[in-house]
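Have a look at the structure below before the remarks.
The values are calculated or read from the model by the stated rules, or taken from the named source; none is laboratory data. All values reported here derive from a predicted model rather than from experimental measurement. Glycine also receives a Cβ, built like all others from the backbone with ideal geometry; neighbour counts cover every protein chain displayed.
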Amino acid sequence: MSQGRTPPQDIQAEQAVIGSCLIDPDKVTELAAMLAPDDFSEDKHQVIWATMLAMHDDRTPIDAVTLPKALTEKGHLERAGGLSHVVTVARSVPTAAHAMHYARQVKEASVRRRLIREAALISSMAHDSTVELEALADEAERRILGASSLSAFDPGPRPIGPVAAAHWRELYDARDRRELVGLPTGFAALDGKLVGLQPGDLTVLAARTSLGKTSLALAIARTVAARQVPVVLFSLEMSARQIAERLISMGAEINMRDVRARRLTDERWEAGTLAIAEFGATPLWVDDRRGQSTHSIVSKARRVKGVGLVVIDYLGLIRDPEQRGETRAQHVGQQVKRIRDMAGNLGCPVLLLCQLNREPEGRADKKPQLSDVRESGDIEQDADNVLLLWHDPKHVGLNKVTVIVAKQRNGPTGEVCIEWEPEFVRFRTDNIQTPRKPELFGGREERRSRHFD
């Protein structure tokens, strides 16, 4: 496989898996979701395991007598090493008690072999100067992630009773603490609808351009991070500095125009410094590399230890190579599915921002609908929640924005109003304290050292 070196393998573990299943055929049911025939390194063991899986599917009894017979009927007995090898394998272990341990050893060796194969292919691609660097990096990441994900054990179907009991306990404990089961958004009315952002849920936040998607996402991210829950924000449109400016304006209540123009009094400089200290002490991470692929986003999110919320701003700027013959709607649909899978695999909520199409502009009240989510019906189908922002004509001059809960898989739809503060480019949250009014700095040198130390 690589420069004459023996590829990773564990022949004894392979024999022990098969031997355990011949002693206790119920072990086939337990291991079928974990081990495929090509997880075995030796061809004869691949043939034997494939035959045992087929017998299991056909509900044919599996033992040291029926297995050789099935191999003979399929014409595979010689390829499986003959009757003598089947007998040897059947006697390889005295008990089936450690079948799972042996299976994990077989799986680990299998994943290592696949990683070696993928690494060789990546090396070959890297030597090809016609392959663009960005495409190479994305393909390498996809292949390595695909191979390494095989090491995770899929337990398959589980009894529902223990799952229900554990979840019921979580609900009961949250009741005692008077807390949401999910993560708070920072808006009591919205949390009343959603009961917080739930683990594994994909929530889509959609609006027309410049209606406050990013500001609302930042407000939610600040709220969650303030609870010391790690949040990672993938900002594909705004730079980290622009995000920082918004957070300073939001946290210190400084007019955004004054921040960018640097027209600030000593008091406002102090307020900005305190705001930075406040949100800088929270686990809020920002990745502002543009043109990222979904594979890159998934990989980076996985590397954030204990990540509790992932925010992606926004879907239309994710760059994945399109497959031949694939429509734009199909392409976007596949992106959404990968992001939804990430939410489930990480066990944390994902907030995905996206644009609405132009249909609301043709309506008298410009009210968006679920069908206005741009480019793919898979967005509304795969999302657990869909939130739409709307400037209701009835609220003109009142600085209020309506959040339409257009879809909620496990709860009611409806509308809530939140307060918009344009000078701070923020929505006013209910549970983040405004920084205390700071005192003026002493002298110029003290100001400089305290601003930028």
Screening K27, K44 for residues that are surrounded by 15 or more Cβ atoms within 10 Å (Cβ to Cβ) and in contact with a Cys (Cβ under 6 Å, 6 or more places away or on another chain) leaves only K27
Worksheet item: If we scan region 198-211, do we find a residue that is more than 21 Å from D392 (Cα to Cα), modelled with pLDDT of 95 or more and among the hydroxyl-bearing types (S, T, Y)?
Response: yes
If we ask which residues in region 84-97 are surrounded by 14 or more Cβ atoms within 10 Å (Cβ to Cβ) and either not assigned by TED's automatic domain parsing to the domain that holds L35 or not β-branched (V, I, T) (or both), their number turns out to be 4
Those residues of region 109-141 which are assigned to a loop (DSSP other than H, G, I, E, B) and either touching a residue at least 60 places away in the same chain (Cβ under 8 Å) or within 24 Å of I297 (Cα to Cα) (or both) amount to V131, E132
Within region 408-453, residues touching a Lys or Arg at 6+ places or on another chain (Cβ under 7 Å), under 23 Å from R260 (Cα atoms) and at pLDDT below 80 come out as F441
Reported set for region 340-375 where residues are surrounded by fewer than 22 Cβ atoms within 10 Å (Cβ to Cβ) and part of a loop (DSSP other than H, G, I, E, B) is G347, N357, R358, R363, A364, D365, K366, K367, Q369, R374, E375
### Task
Assess whether V106 counts as being touching an Asp or Glu at 6+ places or on another chain (Cβ under 6 Å) and in a helix (DSSP H, G or I).
yes
G308 vs (1) farther than 17 Å from V425 by Cβ; (2) surrounded by fewer than 18 Cβ atoms within 10 Å (Cβ to Cβ): all pass except (2)
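Of all residues in region 52-89, how many are outside any loop (DSSP other than H, G, I, E, B) and aliphatic (A, V, I, L, M)?
Qualifying residue count, region 52-89: 11.
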Picking from V224, V229, V195, the residue that is under 26 Å from A275 (Cβ atoms), in contact (Cβ under 8 Å) with a residue 40 or more places away in the chain, of a type outside the set (D, E, K, R) and surrounded by fewer than 20 Cβ atoms within 10 Å (Cβ to Cβ) would be V229
